[in-house]
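Here is the structure we will look at, set down as structure tokens.
Quick note: the coordinates plus some simple rules give every number you see, no bench work behind them. Worth saying up front: this structure is predicted, and the values here are computed from it rather than measured. As a convention, Cβ positions derive from the backbone with ideal geometry for all residues, glycine included, and neighbour counts pool all protein chains shown.
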Amino acid sequence: MPEFTPESVVSALRWRYATKHFQADRKIPAETWAALEETLVLTPSSFGLQPWKFLVIENPDVRAALREKSWGQGQVTDASHLVVFATRTDVSQEDIDNWVSKLSEVQSTPAEALAPMKGMIEGFVGSMPVEARQAWNTRQVYIALGQFMTAAALMGVDTCPLEGLDPSAYDEILGLKESGYATAVACAVGYRSESDHTAARPKARFDAGQLIEKIS
């Protein structure tokens with residue numbers, strides 16, 4: 001297991017910022033990108049349901065179309081990679097069945113032994129209307145985004161989360177309509193340009209005493 005010191009982790013997070021200008025001609029090495037994709041796969045989720053899909057947009061024409069629906073933000077086309085985080089629009093019985101089947105397979109546990117857990121998931125999910133289920137799924141997508149951005153910083157890779165976009169237009173361009181998935185957020189990934197003056201700006205953060213309250 002690789003070890004990071006407390007200092008190295010904090011240093012990487014202080015180095016990270018929402019990159020505004022990327023080096024368009026610099027690509028992330030294949031082995032680094034493979035590791036970043038694995039961080040997406042390893043993202044934790046409630047009950048382990050993984051209510052998401054991560055779309056890595058490689059087609060330059062598609063990225064150009066998405067840029068038009070992202071307030072013209074250059075990160076969409078200039079970064080080495082672009083990931084669109086799509087959320088499940090519902091949690092169906094099939095979703096639950098598929099997850100329990102996978103869990104049974106990976107952990108070599110008989111399906112009947114997982115029946116109580118399956119019933120608990122079904123009860124929780126069934127207690128919410130479909131709109132609440134999609135909102136629940138979308139909140140979990142941000143866990144994936146946070147883990148992805150943190151892992152990127154630890155690897156010396158820059159990111160920029162993108163909410164300034166038209167989700168419905170993204171869905172149309174990416175063929176997500178009626179797919180059971182919907183765009184939640186995107187993230188540009190690559191290496192900062194030397195011309196990006198925002199890189200040198202100090203982070204404006206409230207003091208820990210204002211943000212962290214300890215209950216003794």
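Odds and ends about this structure:
- Contour excess over end-to-end distance, with Cα ends at Asp25 and Lys102 and 0.36 nm allotted per residue: 23.7 nm
- Only Lys, Arg, Asp and Glu carry charge here, each on its Cβ (+1 for the first two, -1 for the last two); on that basis segment 46-164 has a dipole of about 180 debye about its Cα centre.
- Cβ-defined net charge surrounding Ala200, 15 Å radius [Lys, Arg +1; Asp, Glu -1]: +3
- In degrees, nearest ten, helix 30-41 long axis to first principal axis of the chain (Cα): 40 degrees
- Cut-off 15 Å between beta-carbons: net charge of the residues surrounding Tyr17, Lys and Arg +1, Asp and Glu -1: +4
- Seen from Met128, the other residues with C-beta closer than 12 Å to its C-beta sum to a net charge of -2, counting Lys and Arg as +1 and Asp and Glu as -1.
- Options Pro29, Trp52, Ala64, ranked by Cα towards positive dipole end of segment 1-91, top entry (Cβ charges): Ala64
- Cut-off 19 Å, label 7 Å out along Cα→Cβ of Val41, residues of segment 129-159 by amide N: 144-152, 155
- Order of Leu103, Leu154 under a 10 Å beta carbon neighbour criterion, fewest first: Leu103, Leu154
- Relative contact order (percent, whole number), segment 39-126, Cα cutoff 8 Å, 6+ residue spacing: 27 percent
- Of the beta bridges in the chain, as assigned by DSSP with both residues counted there, near 95 percent are antiparallel.
- Sorting Ile143, Ile121 by the number of Cβ atoms found within 10 Å of their own Cβ, with the fewest placed first, yields Ile143, Ile121.
- Charge dipole of the chain (Cα centre as origin; +1 on each Lys and Arg Cβ, -1 on each Asp and Glu Cβ, all else neutral): 660 debye, rounded to the nearest 20.
- Segment 177-216 and segment 72-133 have Cα centres spaced 25 Å apart.
- A Förster radius of 45 Å combined with the Cβ-Cβ distance from Val62 to Ser216 puts the calculated FRET efficiency at roughly 0.25.
- Least to most buried among Val125, Val56 (fewest other Cβ within 10 Å first): Val56, Val125
- Three-way shape call for segment 1-90 based on the alpha-carbon gyration tensor, with the a/c threshold at 1.5: oblate
- Cα-based shape type of segment 51-186, given that a ≥ b ≥ c are square roots of the gyration tensor eigenvalues and the cut on a/c is 1.5: prolate
- Entry note, segment 144-205: relative contact order of 35 percent, from Cα contacts under 8 Å with a spacing of 6+ residues.
- Degrees separating the helix 93-106 axis from the principal Cα axis of the chain, which is the longest one: 90 degrees
- Theoretical gain in end-to-end length, Phe4 to Ala113 [0.36 nm per residue, Cα-Cα removed]: 35.4 nm
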